[in-house]
Structures are given as C-alpha cells and as structure tokens.
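Chemist: Take this structure, written in structure tokens, and hold onto it; I'll ask about it next.
Just so it is clear, none of the values below were taken in a lab; they were calculated from the coordinates. As the structure is a computational prediction, the values presented were derived from the model and not from experiment. Methodologically, a virtual Cβ is constructed for each residue, glycine included, from the backbone with ideal geometry; neighbour enumeration extends over all protein chains shown.
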Amino acid sequence: MLTIKIAGTSSSPYREALDLEWLETNGLGGYASSTLLNCHTRKYHGLLVTNLKAPPGRYVLLSKFEDSLLGKKEEVFLSCHQYPGVFFPQEHCLKEFHAHPYPHFVYQKDDLCVTKSIMLVRGEDTVLIRYEIVECGAPAVLRLKPFLAFRDHHALSKQNYSLHVKTYAIRNGFMIQPYNDMPALFIQTNLRPRFFPAPIWYNNFEYPVEEERGYEWHEDLFQPGIIEIPVRKGSVVIVSASLDISHGQLKKKWLAEESERNREQREQEKIMPALKRKGDKENMLNLLRAGKQFLIETPSGRPAIIAGYHWFGDWGRDTLISLPALTFFSGRPRQGIAILCSFAEYEQRGLLPNCFSDNGKEHAYNSVDTPLWYCWAVQQMLTCTGDIRTVGSHMWPVIKKIIRNFLGGTTFNIHTDANGLLYAGARETQLTWMDATVNGKPVTPRWGYSVEINALWYNAVRFAAELAGRFGHDELSLADLASKIRRSFNETFWIQSKSYLGDVSHDGTLDDSLRPNQILAVSLPYSPLDTDQRQGVVAHVKEHLLTPFGLRTLAPADPQYQGFYQGAAVLRDMAYHQGTVWPWLLSHFGEALLKTAPDKNEARRFLHDYVRSFLRLHLPAAGVGCVSEIFDGEPPHRPNGCIAQAWSTAALIMLYVLISKSSLKGDN
C-alpha cells in the first residue's frame, strides 16, 4: 500500500502536502483530483470532473466540498482553501494518506479521528465520499459546503447572474441545474441530512500552480447551501454527487465498487510476470493500477486511451505508443484489440488521427508517425496474442493503405523519395512527436528526413512484407524497398566519426544534435543498423541522455540545451524538447540495451535496479501512485507536466516485462 505520512501542522508539511496530488478516474474520461490537503492548486482539480457528450469535453462540475466536523468547542476542517493573503484553515489535521485502492485520508486532532475516502464509480459520472467517525469525544455535526464550478476544465468560473441558484429537494439531498445547457447535479447522503439553502458566491480561490505556469489563477465558486448530518463515534456517512439520482442504498454502491476493485487486484496478482525481488510485485501492481486509469470509453462509446491527466485528451500517437503495455502486456488483450480495430475506421489517405476531437467530427491528422506506430502496435499485438486472423480481417487492410499512401504521397508533403526514405512536412509544420511551437514557429524544426520516422518506416515496410507473405498478397513489392531504405538510412543518418545517428536531414544538411530519437533505430523489431552501429547508438544515449527518470531530449553539451522546464508557456515550450527528460523513451532504451549488450543478464540487472529506483523515488512524489509526463534535464530532475501520463506509465510496465522476459495473460 502506497502511504504518505504527514507530520505536524507547521508550514513545512503544508508545503509537502500541497505539492502532492491524488487522482481517481471513472473509465469514461472523467476524474477527481486535488492535493493531499484537498486544497486545489490547479484549475484542473475537482471532485467531479466529467467527460460529457453534450456539451462535448471535460467539465469541472463539483469543484469540492468544504467539509468539517462541528463540535461544541470548535470546528475541525477536512479540506483547505487558498485566498489572496489567506490560507484557510491556518492548521490542518491530516496525518496519513493512502493512495490505494482509492484515495484515503486520516485526520486526527485531540480526541477526534476521522477517515475520508473518495471513489469514482467505474462507468458512471458519480463520485462517492465516505466519512467514518473513528473517535469522537461527543456528538458532533458533519458539515458540507458544496462549491460548484460547472465550466470547461481549461477555463475558470467567475461570479455571474446567469447561474440558476434554485435547488430542488430529493431523497436525502438536493438537485441543482446551474445552467440550461449543462446537466443537473444530484447530491445525496446515506443518512438523512439537514439542508439549508444558502446561495452565495465565494470569490478569489487561488490556484498557485496556474500562476507558475503563466495562466489566470483566480476563480469564483458557487455554494448552493449547507448540508449538516449529526454524527457520533462509529458513524459512517456516504455522500454521492452524480449526474443521475440514486434510488438505491449508497452503502451498497460503495461496497460493490470496493469489491470490484479488490477482485481486479486479485486477478492482476495472478497474471503478473515472475518477479522475485522484494517490492517488485507491489511496484507492478501500482503500475497496473496506474495504467488502467488511461483506458476509457468515450461518450460516443469508442474504446480509447487518455494521453494524460489532467489536461491531455484522446491522442493517436500517445495511444499507439502506450497501447501494447497498457493492454497486451497488462493482461487486457481484448481492450487492445478493440482500440486497434476502432482506429482502423478513421484512416484517411494513409493517415490516422493525431488528436480525436471532443465533438467526434473534426479530428486532427497532423502527424506522420501515428500510422507507423499503428503498424508497430499491431506487431506487438501479434507477438502477444498470435491472433493472425484478426490482423488479417481488421488491421492488414489499413496497413496496406498506409504503405501505399506513403509510397505515392499524401497530405503534409508526406511521401517516399527515390532513395526510399520517408520525407515529411515543410519549414512551418511539426509532424513528429517533438512538435512544440513558439509564435507559430517550430522550436525543433524536423521537416524532411527524421531519424525515428525513417526507423519506423523501415520497420513498417519489413512488417508489411512479412504480413504479405503470410497472407499470400504479393501486390506490394517491398523486399527491394526495404533494402533501399536501409542503405539510404545509413548514408543519410550515420555519423561515422561520432558513432551515432544524426537527428534530421533537410536541404542536404544533417542535424548532428545528440537526441534520443535515434534509439528507435535499435529498439524496433526490424533495425536498419548493423551490430556495431547499434552498440554505438546505445552507448551514446546511455552516456549523455539517460537520467534517473528517462532520456533527455538533447545532450547537455549542446548550446541549445535547456535543463529546466518552468515558467510561462513560451519558456516551457522552448524547453519541452530541448533537454527535458521524457520517461516514455525508457522502454525503447531498455529494448535497445538488451539487444546490444554482450552480457544480457548484466543488462537486465541494470534495468531492474533502474526501474526500482525510479519507482521508489517517484511514486510517492508529484501525483502519488502515478508516473509524470516529464522531468527537468538537470538534477534533482523535478517532475513536471501532467501528473499521470499514459506512455510514461507504459514504459515502466514494459521495463518490468523486459526484465521478467514474459508478458501477462488474461483480460480484466
């Protein structure tokens, strides 16, 4: 169990508890999240953030409860707020936080001990909050003040006169629909409450992380009234906030969700790879739990993967890079196959969506590598499942379209040149994963021949030739093309004097920046390099780019290197791919290391120690139990970006699979 202990009530533990965040998800793209003090520091924090069909997108509906226990002598608060010049309350009584199987808080003060647990119901837009009065010297009152936002999770709420303040009584609670174009919210309790309508706006909640990121950071929230429930020692109160009215017992609902999570854990324990060292099984369970958070069903019913929480959406490249580890290697093959089959329906001129839109209509096809990652993901599926029939009926037709369109040319100037290499883009476009722009200009211009794109292209052509042979389809003449790509790849990217690969070639000039993209030329199933070249690439990446939390995007010796990711959006975008560390590349580094190491056991021990150190240092930090998107290039390698990133989590799962030399079976 991942536990954080909070000592004392001084300003130092305040800072510690404010820097740590928790996350709950519901399998629909919705979530609940805040800091350990339940003091919001981001506009993305909320107790019920839903992924709606209409209006489309994610919305913070219920921002939080100000929850407290009111006794005869004092009121003890179980959440906090930050206002201009004021942190309320001035002292907190949080003693412990447990991340699994759901966020669980332990509060103690004098003769009072209260636990608070938060669960989202899988497949529903419902949050349940459970309060248990463990110790209480005298009867008291649990007081809840709901704060409503009802706004897009990228925006902020401001006091306005359009909000409908009227509440309607329902069984053990009330209903409110603040805006005509938004859903109603139903708040109910398992015990009969007293509800006092008291509509009022609370102004100027402060979110300091947004200030650090250069955004507006003050919000007004609406309180429709106050809920009070008499309690004593042994009382258990369950509060539900939902888009649907509850007609059953909330206690049964809680127990059913809790039972399902316990069942899932038992199933995951059965399918885990053979991990013998102490702590590895708990690490793997943490990663499997974290990985499941990204697997969702969209409002339209499409299976998908969320790229990251809190603000990333349903992105094609991230999905396909993450998919094998989060599904096939995590005992969820049916979900992986369903996502790949769904992707096949969105092919256009050989391209697949880089970003799926919230409205389901205006998808962005602005990436060259998403279709190539699709081919790789199908390779991984075939390796894990052996399901050649499904590949033939659902995926092979799409792969053929990708190959044909890339050979003949498609949008964004994506085409195969006479040398066999894949050319993509122009000066103003960013079609690879290093896609940050500032003032409309790419920070890392990568149009032309990019090294990882052509490594993926070579792999896709070789895989397509393999499938063509298995299915008896010889209409694509790919054997000669693969040889041409390999020859041109080496002529274009290999720097003999440095023994590594350049990053991108355009207008006849090779950018020899030392970047991690070259590791794919070693890690992918089909490599265009010989043994000595592969070893050279791995050695340089390990020496100059490897950090305790992933690979730097640029070597520190480079004049363009940026070692810290911080400040306003422009400064962050300038550093995003110019030295910032990305964990997602670790699985490819691990694969490449094992392929090239003379002593495979020694390499496996190195990776084992690496992943254990990563998780020991990081799982109790940032998003507790989650794996962050990025880290600073310079020590102490501060975590940053999204607190929970799909491909970061997937990379660590894959490292454990590589270490154990086995995949996970089953589906749960």
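Chemist: If amide H atoms are built 1.01 Å from N in the plane of the peptide, which residues on other chains or at least 5 residues away come under 5 Å of the amide H of ASN419?
Modeler: none
Chemist: Counting other C-beta atoms within 10 Å, and keeping those with at most 13, which DSSP coil GluC sites (Glu not before Pro) do you find in segment 308-412?
Modeler: When the GluC sites (Glu not before Pro) of segment 308-412 are filtered for loop state and at most 13 Cβ neighbours within 10 Å, GLU345, GLU362 remain.
Chemist: Direction-averaged shadow area of the convex hull around the Cα atoms of the chain, nm²? Mind dumping the intermediate values first?
Modeler: Numbers: hull surface 116.7 nm².
Computed as one quarter of the Cα hull surface, the answer is 29.2 nm².
Chemist: As an exercise, identify the trypsin sites (Lys or Arg not before Pro) in segment 457-512 lying in DSSP coil whose Cβ has no more than 12 other Cβ atoms within 10 Å.
Modeler: Sites meeting the loop and neighbour criteria: LYS498.
Chemist: Further, regarding this structure: For segment 453-466, just list the computed ³J(HN,Hα) in residue order, Karplus coefficients 6.51, -1.76 and 1.60, θ = phi - 60°, integers in Hz, with x standing in for Gly and Pro.
Modeler: Going residue by residue, I get 5, 6, 5, 5, 5, 4, 4, 5, 5, 5, 5, 5, 5, 4 Hz, with x marking Gly and Pro.
Chemist: OK, next. Quick one: go through segment 124-145 and flag any residue whose amide nitrogen is under 20 Å from the point 7 Å out along the Cα-to-Cβ line of HIS247.
Modeler: Taking a point 7 Å out along Cα→Cβ of HIS247, the residues of segment 124-145 whose backbone N falls under 20 Å are 124-127.
Chemist: Same structure, new question: For segment 102-218, how many pairs of lysine residues have a Cα-Cα distance under 27 Å, where the two are 8 or more positions apart or belong to different chains?
Modeler: Counting lysine pairs in segment 102-218 gives 5.
Chemist: Same structure, new question: Please report, in debye to the nearest 20, how large the charge dipole of the chain is about its Cα centre when each Lys and Arg carries +1 at its beta carbon and each Asp and Glu carries -1 there.
Modeler: 1740 debye
Chemist: What is the sum of charges, Lys and Arg at +1 and Asp and Glu at -1, for the other residues whose Cβ falls under 12 Å from the Cβ of SER68?
Modeler: That works out to -1.
Chemist: Oh, and also: Count charges around LYS95 for me, please; just the other residues with Cβ under 15 Å from its Cβ, Lys/Arg as +1, Asp/Glu as -1.
Modeler: Once positives and negatives cancel, what remains is -4.
Chemist: To continue, here is another question. Contact order normalised by length for segment 260-418, with contacts defined as Cα pairs under 8 Å and 6 or more residues apart; what percent is it?
Modeler: Dividing the mean separation by the residue count of segment 260-418 yields 17 percent.
Chemist: Turning to a different aspect of this structure: Can you tell me the relative contact order of the chain? Whole percent, Cα pairs under 8 Å, sequence separation 6 or more.
Modeler: Worked out over the chain, it gives 12 percent.
Chemist: Which loop-located trypsin sites (Lys or Arg not before Pro) does segment 120-197 contain, where loop means any DSSP state but H, G, I, E or B and the Cβ has at most 16 other Cβ atoms within 10 Å?
Modeler: Passing sites in segment 120-197 are ARG122, LYS158, LYS166, ARG171.
Chemist: Continuing with the same structure: Just to confirm my numbers, what's the Cα centroid distance between segment 123-156 and segment 408-463 in Å?
Modeler: Each part reduced to its Cα centre gives a spacing of 49 Å.
Chemist: Run the helix sum for the chain: -39,500 (n - 2.57) per DSSP H stretch of 4+ residues, divided by residue count, reported at 222 nm to the nearest 500 deg cm²/dmol.
Modeler: The per-residue figure over the chain is -10000 deg cm²/dmol.
Chemist: Further question: Amide H of ALA555 versus every other amide H placed in the peptide plane: which residues, excluding those fewer than 5 positions away on the same chain, fall under 5 Å?
Modeler: For ALA555, whose amide H was placed from the backbone, the distant partners under 5 Å are LEU514.
Chemist: Another one. For segment 398-512, report the % of Cα-Cα distances exceeding 24 Å.
Modeler: 29 percent
Chemist: Over segment 1-102, with a single point scatterer placed on each C-alpha, what log10 of the ratio I(q)/I(0) does the Debye formula yield at q = 0.14, 0.19 1/Å?
Modeler: For the requested q values the scattering log ratios are -0.61, -1.01.
Chemist: Next question, about the same structure. Å³ per residue of the Cα convex hull, for segment 391-431?
Modeler: It comes to 81 Å³ per residue, whole-number rounded.
Chemist: Around GLY308, which amide H atoms from residues at least 5 apart in sequence, or from another chain, sit under 5 Å from its own amide H, with H modelled in the peptide plane?
Modeler: Sorted by chain and number, the residues that satisfy this are GLY313, ALA646.
Chemist: Ok, one more. Run the Debye formula on the Cα coordinates of segment 48-199, all scatterers equal and no solvent, and tell me log10 I(q)/I(0) at q = 0.12, 0.16, 0.18, 0.19 1/Å.
Modeler: -0.61, -1.08, -1.32, -1.42
Chemist: Could you run the Karplus curve 6.51 cos²θ - 1.76 cosθ + 1.60 with θ = phi - 60° over segment 232-244 and give me ³J(HN,Hα) per residue in whole Hz, x for Gly and Pro?
Modeler: 8, 3, x, 5, 10, 10, 10, 10, 10, 10, 8, 8, 10
Chemist: Continuing with the same structure: Could you give the size of the charge dipole of segment 272-660 about its Cα centre, using +1 on the Cβ of each K and R and -1 on the Cβ of each D and E, expressed in debye and rounded to the nearest 20?
Modeler: My answer is approximately 1040 debye.
Chemist: SER483 to ALA597: extension gain in nm, 0.36 nm per residue of separation minus the Cα-Cα distance?
Modeler: 38.5 nm
Chemist: Let me ask something additional. In whole Hz and in residue order, list the ³J(HN,Hα) couplings for segment 29-38 that follow from phi through the Karplus curve 6.51 cos²θ - 1.76 cosθ + 1.60, θ = phi - 60°; x for Gly and Pro.
Modeler: For segment 29-38, the Karplus curve yields x, x, 7, 10, 6, 6, 7, 5, 7, 6 Hz.
Chemist: When a/c reaches 1.5 or more, the comparison of a/b and b/c decides; with that in mind, is segment 252-311 rounded, prolate or oblate per its Cα gyration tensor?
Modeler: Numbers: a/c = 2.37, a/b = 1.39, b/c = 1.70.
It comes out oblate by the Cα gyration axes.
Chemist: Next question, about the same structure. With a sphere of radius 12 Å drawn around the Cβ of HIS363, what net charge do the other residues whose Cβ falls strictly inside it have (Lys, Arg +1; Asp, Glu -1)?
Modeler: Net of charged neighbours comes to -3.
Chemist: How high is the relative contact order of segment 149-295, in percent, with contacts defined as C-alpha pairs under 8 Å that are six or more residues apart?
Modeler: 20 percent
Chemist: Can you pull the percent of Cα pairs in segment 502-659 with separation above 26 Å?
Modeler: Across segment 502-659, Cα pairs with separations above 26 Å total 26 percent.
Chemist: Using a 4.7 Å cut-off between beta carbons, which cysteines in the chain end up with no partner cysteine at all?
Modeler: Lacking a cysteine Cβ partner under 4.7 Å: CYS93, CYS113, CYS136, CYS341, CYS355, CYS375, CYS384, CYS626, CYS642.
Chemist: Over segment 272-660, what number does the Rg to Rh ratio reach, with both radii from the alpha-carbon atoms and Rh per Kirkwood?
Modeler: 0.93
Chemist: While we're looking at this one, here's another question. What is the ratio of the Cα radius of gyration of segment 3-262 to 2.2 N^0.38 Å, with N the residue count, to two decimals?
Modeler: Values: Rg = 17.2 Å, N = 260, 2.2 N^0.38 = 18.2 Å.
Normalised Cα radius of gyration, segment 3-262: 0.95.
Chemist: Where does the Debye-calculated log10 I(q)/I(0) of segment 122-164 sit at q = 0.24, 0.32, 0.33 Å⁻¹, using only Cα point scatterers of equal weight, no solvent?
Modeler: -1.03, -1.24, -1.26
Chemist: Which is farthest toward the positive dipole end of the chain among SER628, ASN454, PHE564, measuring Cα position about the Cα centre, with Cβ charges +1 (Lys, Arg) and -1 (Asp, Glu)?
Modeler: SER628
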